[in-house]
Every structure is written in C-alpha cells, then in structure tokens.
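Enquirer: Sending over a structure as structure tokens; questions will come in a sec.
The values are calculated or read from the model by the stated rules, or taken from the named source; none is laboratory data. Here the structure is a predicted model, which is why all the values come from computation and not from measurement. Every residue, glycine as well, gets a Cβ built from its backbone with ideal geometry; the counts of neighbours run over all protein chains shown. SASA here: full protein model, heavy atoms, side chains in, ligands and nucleic acids out. Shrake-Rupley method; radii C 1.70, N 1.55, O 1.52, S 1.80 Å.
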Amino acid sequence: MSETPWVGRSLRRREDERLLRGRGTYVGDVDLPGQLHAVFVRSPFAHAAIGGIDADAALALPGVVAVLTAADVPAGPLPPFLWDTPPEKLVSALRPHLRPCHPPLLADRPLYAGQAVAVVVAESRYVAEDAAELVVIDYDPLPPVATLERALAPDALVVHEGWDDNVAVRFVVAKGDVEGALADAAVVVRERFSTQRQAGIPMETRGAVATWDATGDGLTLWSATQNSHPLRRALSRVSGVPQERIRVIAPDVGGGFGIKGVLYPEDLLVGLLAMRLGRPVKWIEDRLEHMLSAVHAREQVHEIEVGLDAEGRIVAMRDHVLVDTGAYNPLGLVIPYNTIAHLMGPYRVPSFEATAEGVITTKTPTAPYRGAGRPEAVFAVERSLDLAARRLGIDPVELRLRNLVRPEEMAYDVGILYRDGEPLVLDGGDYPEVLRRAAELVGWDDVEIRERNGRLVGRGIGVYVEGTGIGPFEGAVVEVGDDGRVAVRTGACTQGQGHETVFAQVCADHLGVDAGAVDVVTGDTDGLEKGWGTVASRSAVVAGNAVAEAAGIVREQALHAAGELLEIAAADLTLTAGRVVPRDAPDRGVGLGEVARAAREQGSPLASTRYFEPGTVTWANGAHAAVVAVDPETGEVELLRYVVVHDCGREINPMIVDGQVHGGVAQGIGGALYEEILYDEEGQLLNGTLADYLVPTAEEVPVIELDRRETPSPLNALGLRGVGEGGAILPPAAIANAVEDALSGLGAVVRRTPLTPPYVRSLAVPDATHLRSSGEDEILRP
C-alpha cells in the first residue's frame, strides 16, 4: 500500500477534462466510412393487429437501402439479459406465479404506442426519416388496456395471447402472525398510496452503431448501454456469431439511471442490419422516440396496514403492492421483489406479510430507474409512520427512533430473503445516530408549523436502507506496462459516475503508484472474458473489489519479480512511488516498469484477471429531512431546506460520493414534485416532450446540506457499500411528510406523488376533492 492512501481522497474526476471540453466520444460521435442510417417505424396505437405492411413507396425513394419487418428478423422474444431467471433459492421459497414476458425484435401485434414494427435503412438519416413516413401499415386497432383498474377488471381484455389474465408475476412474502398482531395493535394505519409513472431522462438518448467484418474482426457494436458483456451475449444468441467474434463498446455515455440497463430490440437490430447489409449502420434515438419507447419506471399502488402498540412500536406490517409493468415484464421478479425486500427498511417489524402483483397494461414497459422499487416502498412506509405518529401524539423522529434497528443488534436478520436468494441481513450501521444527526442539522425542534407570507411551513423526515453491490460477479484485469503505467479493464460501464477516477485510486493503493499512472477502460468487452455492467448501486462494491483483488495479485507478482532482480526476498520489499524498493533501503530499488519488462521477458507478465463474487449485498443507509413552504391557495410547494445524512461505508472518493447524492436527490425531487408520464384512456402518451414532462432545474433544487458516517461493511475487503441510488430513494417521502405537516391543520393526508399544485391545492381546499385522484383511486383487489 502507498504511505498516503489514494482511497479516501477527494480527487477531481479525470474524465471531466475531456467531457467538459467537448472532447468526449459518445455513440453519436461514432461515424464510420460508408455507414447507413436506421429509423424505426413505430406503432401509433397502444394495441393493434397488423394486416399487412407495404414498403414499396419507401423502397422506391432514392437512397433507401432496405425496409425490414417482423417477417425479416429472427422470431420470438428477446433473449435473456440480466436477472430474467430468479435465483433458485428465491423461487423455492416464494413459489411465485411468473410468466416469461419479453418483447420481440419487431412486433407484428404492437402492445404499446411507440413499439417498433419496422425499420428503414437509408444512406442518410434525412432519407430514412422520409421513407419511414412512406411505409403503409394496415393496422386493426384493438381495445387498449391503459390502467391497472382496467387490466384487473373481471372482464378485462387479456393482453398476451395464451394467458388467462393480465398478471405477469404474483408472490407472497410473510413472517410472524400478522393477523393476530394487527388485531392486538393499539393503532393500525390503513392507507392506499400510489407513485406515478416516470421516465429516466438521461441527457443522452439511446443509440447504437455497428460494423461487420465477415473475415476479420467480426461484429463490433458501439452502444449507449450500461451492460456491454450481457449485450454481447444477447447479440451472439440472436445473430449466431460466437461471442469471441463480437465486440461491444460502451463509450462515453451521457447518463443511464437504469434506463439503459435493459435489453432493447434496437441494439440487436442495428447489429443484425450491419451483418445483413455488409455496411456500418447507425441509429440515434430522438427525444420523442425516447419518451415513447425507452422503458419507464415507478407506477405502483400500495394498500398498506401498519400496526403499532401504544408506545409507538411497530408490531406488524401488511402490504398489497400492484406494479404496472407496461406491455412486458423484462426483468421478472426484480422490481416487485425489490419493493417488498425494502418495505421493512431499517425498522424492527416482528410480523410481516406482503403480496406483490406485476400487471400487464398496453403502455411502455417499466424497468429499474434509480432506486428500482425502493422509493415506492419507502414512500408507503414513511408516510404510514408519520400518520401513526400523529394519531399517537408522538414526535415523528421519536417514533422512528423507537423502531430503528440499533448498532448493537447488527448483523440483524430481517427474517426474509433478499432478491439474490440469500437471507436479508443488515450488515452494520448506526441508524439512530444518522436520524438524530439529520434532525439536528435541519433544526427539527426549531421548525414550527406557521404561516410565512401567506404560506404554511412544514417539516418532514424519513429513513431508508438500500441493498447494494449485488452479484453475481464483476471482472477486472490489471496489467503493468514496460513504461510503468498500469492498465485496468473492467466489465463495469460508466455513465458519469467517475469510474476512471475511483478505480484508479483503488488500484494505485495496491501498486504504490500515483493514481494518475493508472489508465482505466470500462464498458469494452475486448480483453475481458466476462462482465456484468453498471446497475443496482454495485460498481464500487463489486468492480472495485475485483480491481483490488487483481491489483493485489499483481503487487505480489511485482515483489517476487523484483526480488529476483535485486536478489532480495520479496517479503523485504515494498512498492512506493512507482518503484520496488527494500524496506530498509528505500533509495535503492528498481522502477515498476523495469520489473514489468523483465517479468514479461521471462514469460510471466505483471498481469491478473479477477472476478469478484459477493456472497450477498451490503446495506447502505441514510436519513433525509425537508422543510417546505406551501401556498394553500395555489398549491405551490417551495423547498426551503434539504438535509441528507448517509452511510455508504468506506468512501473511495468523498467528492464523487457527494455528487452522486446530489444527483440522486435532484431526481428524487423531480419524483416528489414534478415528473409524471401521462397517458389517456386510449393508451396514448400525452407529454412526450420536455416542454410538458417537467424535470427540476437548478432553480428548483435547493442547496443540499450533507453529512456522512462511514461504517465499513464486513462483507468485502474494501469495506464498501453502494451509493449510486441512495439519494433518489427518500425525497418523495420526506417532502410529502413535510407538505402534510404544513397542511396538518387542514386535516390533509398526502396519498400520492407528484405533489403538483392542483393536487396540493385539493388537499388544502375542501371543495377541491375532485383533484385528489391520480386516476387509479378505485383500484382494489379482493
């Protein structure tokens, strides 16, 4: 190890030098000689049969090379990608009702407005766009199923052929005696909460470029993906080309947030088109296309019961969760189970029962978006606890403190399985102290509900835990060059997280070099046999430990190789400042590059490939507190203060961690106050542009006041917990609690997000009850 560790330093992100100067390379920047351009023809209907497709007029347009439909591409659903098949342990415990549900490459019966039904390839994007409008499709519109209520109705139209209803997944998780505990509880909060459908809105939309060399390099695909290796595997299955002849590169990617962490038909089709036509093919998505066809997220309904004794201690929790999956459910159990696994959160809950149902509708499919089912769970539980505190006359902070798992109870077995099939065991942290610190920073006891210039001021708080660093594995290669520079390759893909910087810091500590002497390549399948990618707050934990293990082996290789050069025992040597030196004579020694050259000449290069396989997840935690001002006449909500205290274990780069938290909170504020994907009853998207899908700007995001604890996880050598999603989990709950606090004198109960002005006004104005529904308030399941 270096004398002054690189891990723990707030280094500036090295990638920002090129990105901020406009020197990054995104998929849109990849231009190949002779490339063609693809444009997809998308269904204008939410549900329809196709009687025929006439492409003659499009093919007659000069510059058009090809028009392909479902009949021209491999049939069947998309191949497996990430967590399509749940762990055997989880399946054995749950015995879930789970039906495979993946989209095809091109649809012959579109199930949502925006689904691709044909693709046009031309010499230019302009010609391809014009030709796409000339493709004549004989649609036979079918009844849409645009809401959960319609999908679950006894006489509902069944969307997928061969099914008997629209439920793609159903399961129950339980422990203890819920019925008896609720019957004996002093207070039972019974409520129905809903979270809206959202889009991830990465700054860069999706895109792909492919080239095919039948006799040489094979197939190369550049994609704005979060998962290069899984995409290579899927492309191999569809194309029949062996994986070793496919290279997938995720270059600079302008945001992902989970939206680019699923398998899309377009990526595969671009590769197939390049092979079929023998020329490079490029496709770049526009924003309307993104809003229509990139996955959406959230949209859940919770019918929850929380029972507490007279002292405010939770005795039981029961929840029935409905997840609107859209037209397909590409990740199976992932979102519903993520939600269920995080319902009990950081609290002691002796008895628990949760039923989850993933329901098909004729809308764009939903999949993980920053938080991935956790914000929805936290919203339902934290809202319930605030209502319980009000009914019991207990301060909301105090009520939570009475229920939080204490440090001396760690490791705490929650009593159910996590979604990796392993027991859900909280692995450390001081949850009460994190909550107390957040309350202290926001001045909890000093915030009074009062009128300020006609506005009502309220305070809200909440606590969360997050399972992070899930497996199954991540890979890393570390190699020292003859010039003494260190090359790192990893299967993690970067979309702005600072991977080039943090992985260099981890590696530099093990090899005794300057972090600037470490070159990091992410998202490229070349040179690394296996990889998983960047999702689920896992890269620092899983890829970081893979880098550390590989670098540790290279360190031992260097010490032994240098020992032979210097005729000194390896145990008497150390690495520092890019040199291998005797511990008792640091002025003597040899450069790491010279050692690498000698080792390579001996046939044993200083290089190692390692795959880190976590036994289970590590648990991050945090508390958020908000102070708001609410105008009861207009319904406008202003965030006056926002406080975050979090614990993600040992921090590799605290400045980057702060940036991750800031970004997550901003997106959480969007979910709390502004963002909502809207459909009409025909399944037509109503707000497909950024003019009417509102995202927060710098003006709407207050200064975020941060504090931290660092409780190293005992589950990995670096002591890391994930941080990528944590900031986004609590804002909807904390802000909703604050708004309800401000309006408590009016008897308001916040039951959904977003807290738009019309909805908030309906809570404050007794005759505005018609504004309180989010459109799904009549959904009840027997």
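Enquirer: Using the basic label-point model (7 angstrom from Cα toward the beta carbon), what is the Glu133 to Asp587 distance in nanometres?
Expert: Taking the simple label geometry, Glu133 and Asp587 are separated by 8.0 nm.
Enquirer: Separate question: Per DSSP H run of n ≥ 4, the term is -39500 (n - 2.57); total these for the chain, divide by its residue number, and report the mean residue ellipticity at 222 nm rounded to 500 deg cm²/dmol.
Expert: Using -39500 (n - 2.57) per qualifying helix, the result is -7500 deg cm²/dmol.
Enquirer: What distance in nm separates the two pseudo spin-label positions at Leu61 and Tyr126, each 7 Å out from Cα along the beta-carbon direction?
Expert: 1.2 nm
Enquirer: For Val91, tell me the accessible area in Å² from a 1.4 Å probe, rounded to the nearest 10.
Expert: Around 50 Å² of this residue is reachable by solvent.
Enquirer: Return the percentage of antiparallel bridges among DSSP beta bridges fully within the chain, rounded to the nearest 5 %.
Expert: Restricted to the chain, the bridges split so that about 80 percent are antiparallel.
Enquirer: Computing the accessible area with a 1.4 Å probe over protein heavy atoms, can you report the carbon and sulfur percentage for the chain?
Expert: Carbon-and-sulfur percentage of accessible area, whole number: 50.
Enquirer: Something else now. Just subtract the alpha-carbon distance of Ala71 and Ser92 from 0.36 nm times their residue separation and send over the number in nm, one decimal.
Expert: Between Ala71 and Ser92, full extension yields an extra 3.7 nm.
Enquirer: What trypsin sites (Lys or Arg not before Pro) in the range 562-634 are in a loop by DSSP, with at most 16 other Cβ atoms within 10 Å of the Cβ?
Expert: Taking the range 562-634 and a limit of 16 other Cβ atoms within 10 Å, the loop trypsin sites (Lys or Arg not before Pro) found are Arg583, Arg588.
Enquirer: Grab the other residues whose beta carbon is less than 12 angstrom from that of Glu311, score K and R as +1, D and E as -1, and report the net.
Expert: So the environment of Glu311 carries a net charge of 0.
Enquirer: Please report Rg over Rh for the range 280-392, where both radii come from the alpha carbon positions and Rh follows the Kirkwood definition.
Expert: Using Cα coordinates only, the ratio equals 1.12.
Enquirer: Determine the percent antiparallel among the DSSP beta bridges restricted to the range 602-759, to the nearest 5.
Expert: Among the beta bridges of the range 602-759, antiparallel pairing accounts for roughly 65 percent.
Enquirer: Work through the residues other than Arg99 whose Cβ is under 15 Å from its Cβ and net out their charges, Lys, Arg +1 and Asp, Glu -1.
Expert: Neighbour charge sum, excluding Arg99 itself: -3.
Enquirer: Hey, another quick one. Just to be sure I follow: if Rg is taken over the C-alpha atoms of the range 129-253 and Rh is the Kirkwood radius over the same atoms, what is Rg/Rh?
Expert: Computed over Cα atoms, the ratio is 1.15.
Enquirer: Please compute the net charge surrounding Ala626, taking Lys and Arg as +1 and Asp and Glu as -1 over other residues with Cβ under 14 Å from its Cβ.
Expert: Here the charged neighbours net out to -4.
Enquirer: At 1.4 Å probe radius, can you tell me the per residue accessible area of the range 1-127 in Å²?
Expert: 50 Å²
Enquirer: So what is Rg over Rh here for the range 255-343, counting just Cα atoms and using Kirkwood for Rh?
Expert: 1.21
Enquirer: Taking only the alpha carbons of the range 425-499, what extent do you get along each of the three principal axes, in Å, biggest first?
Expert: Largest to smallest, the principal-axis extents are 68, 35, 21 Å.
Enquirer: Find how many whole Å separate the alpha carbon centroid of the range 478-503 from the alpha carbon centroid of the range 1-75.
Expert: Going from one Cα centre to the other spans 25 Å.
Enquirer: What is the Cα centroid distance between the range 200-264 and the range 406-444, reported in whole angstrom?
Expert: 38 Å
Enquirer: Follow-up. For His102, His662, write out the residues from largest to smallest accessible area, computed with a 1.4 angstrom probe and no ligands counted.
Expert: His662, His102
Enquirer: Same structure, new question: Based on the mean of other Cβ atoms within 10 Å per residue, sort peptides 720-731, 276-287 so the most packed one is first.
Expert: 720-731, 276-287
Enquirer: Next question, about the same structure. Under a cut-off of 20 Å between alpha-carbon atoms, report the lysines in cross-link reach of Lys89, not counting same-chain residues fewer than 8 places apart.
Expert: Lys175
Enquirer: 7 Å from Cα along Cα→Cβ at both Asp519 and Arg21: what's the point-to-point distance in nm?
Expert: For Asp519 paired with Arg21, the spin-label model returns 1.7 nm.
Enquirer: Length gain on complete extension for the stretch Ala698 to Asp177, per 0.36 nm per residue less the alpha carbon to alpha carbon distance?
Expert: Length difference between fully extended and current span is 182.8 nm.
Enquirer: May I pose another question? For Ala310 and Ala487 in one chain, what is 0.36 nm times their gap in residues minus the Cα-Cα distance, to one decimal in nm?
Expert: 57.7 nm
Enquirer: Something else: Given a 1.4 angstrom probe, what's the average accessible area per residue across the range 267-349, in square angstrom?
Expert: 20 Å²
Enquirer: Oh, and also: What number results when the radius of gyration of the range 429-574, computed over Cα atoms, is divided by 2.2 N^0.38 Å?
Expert: 1.57
Enquirer: Let me ask something else about it. If you take all C-alpha pairs in the range 43-183, what percent of them are over 24 Å apart?
Expert: Counting every Cα pair in the range 43-183, those more than 24 Å apart make up 51 percent.
Enquirer: Restricting the count to DSSP beta bridges whose residues both fall in the range 641-724, what percent are antiparallel, rounded to a multiple of 5?
Expert: Beta bridges within the range 641-724, antiparallel portion: roughly 25 percent.
Enquirer: Compute the separation of the alpha-carbon centres of the range 146-184 and the range 554-604 and state it in Å as a whole number.
Expert: Distance between centres, Cα-based: 63 Å.
Enquirer: Enumerate the residues in the range 21-58 having an amide nitrogen under 16 Å from the point lying 7 Å beyond the Cα of Glu682 toward its Cβ.
Expert: The answer is 43-49, whose backbone nitrogens lie closer than 16 Å to the label point.
Enquirer: Same structure again: For the range 359-514, restrict the atom set to alpha-carbon positions and state the Rg and Dmax in Å.
Expert: Using the Cα atoms of the range 359-514, the pair Rg, Dmax is 22.4, 70 Å.
Enquirer: Continuing with the same structure: May I ask you to list the chymotrypsin sites (Phe, Trp or Tyr not before Pro) in the range 139-180 that are in a DSSP loop and have at most 16 other Cβ atoms within 10 Å of their Cβ?
Expert: Passing sites in the range 139-180 are Trp163.
Enquirer: Give the cross-link partners of Lys282 among the lysines, using a straight C-alpha distance below 30 Å as the criterion and excluding same-chain residues fewer than 8 apart.
Expert: The reachable lysines, counting only those whose Cα sits under 30 Å from Lys282, are Lys260, Lys363, Lys530.
Enquirer: Can you work out the FRET efficiency for the pair Glu408 and Glu556, with r the C-beta to C-beta distance and R0 = 41 Å, to the nearest 0.05?
Expert: Computed FRET efficiency for Glu408 and Glu556: 0.60.
Enquirer: Still on this model: So what's the projected area for the range 494-544, the Cα convex hull averaged over all directions, in nm²?
Expert: 3.8 nm²
Enquirer: If you take the Cα Rg of the range 186-302 and divide it by 2.2 N^0.38 Å, with N the number of residues, what do you get?
Expert: Rounded to two decimals, the normalised Rg is 1.37.
Enquirer: Compute from the Cα atoms of the range 1-124 the Rg and the Dmax, the latter being the longest Cα-Cα distance, and quote both in angstrom.
Expert: Taking only Cα atoms of the range 1-124, I get Rg and Dmax of 23.2, 72 Å.
Enquirer: Then there is this: Mind listing which trypsin sites (Lys or Arg not before Pro) in the range 427-472 are in a DSSP loop and have 12 or fewer other Cβ atoms within 10 Å?
Expert: Passing both the DSSP loop test and the Cβ count: Arg450.
Enquirer: For the range 198-338, build the charge dipole from Cβ charges (+1 Lys, Arg; -1 Asp, Glu) around the Cα centre, then report which of Thr325, Gln198, Pro242 sits farthest towards its positive end.
Expert: Most positive-ward Cα: Pro242.
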